[in-house]
Amino acid sequence: MGAAASAPSDTTNSTTSVSGDDGSTNNIGGAQEQSQIRSKKKRSSPKGLSGAKLVEYRCRKHKRAWNKCISEFYNGKFLTGGSMEPDGDCDELFDNFRSCYMKGMLKEREKNGLPPPQDGSMLHEFIEEEAIDDGTTNS
């Protein structure tokens, strides 16, 4: 049997209900369709974020991946007594998150016209580890 479509009686609503052979009803069009279209657009950074909050937002996928890895280790191995050290994969995920965050903070500092990070700071150590040119010359 085919699906039967019924047009809405209200002309302001563009949603059409379609009944399937199994008795289920699907709405086509209207707000549901608009919601699906909106979710496919590339999302830009939320307005009003700046500095560390903006960097955190931009690095959120790296942080989520690292948190997931650590949580799986903690719940699956550590609590059960299987292992005291997380798998090496978590280290790589942390390094990816840290790199994203530090590069983002350096970019924000540069954008805001701040001087290079001070010796001994985490950002300065990151610059040295990554051999990033911070705009200063050492003779």
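No value in this document is a laboratory result; all are computed from the given coordinates. Remember, it's a predicted structure, so these values are computed and weren't measured experimentally.
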Going down the table (LYS63/LYS103; LYS53/LYS111; LYS53/LYS107; LYS47/LYS103), which pairs top 19 Å between alpha carbons?
LYS47/LYS103
Give me a comma-separated list of calculated 3J(HN,Hα) values for segment 68-85, in order, Karplus coefficients 6.51, -1.76, 1.60 applied at θ = phi - 60°, integers in Hz, x for any Gly or Pro.
5, 4, 5, 5, 5, 5, 4, 6, x, 10, 5, 5, 8, x, x, 7, 9, 10
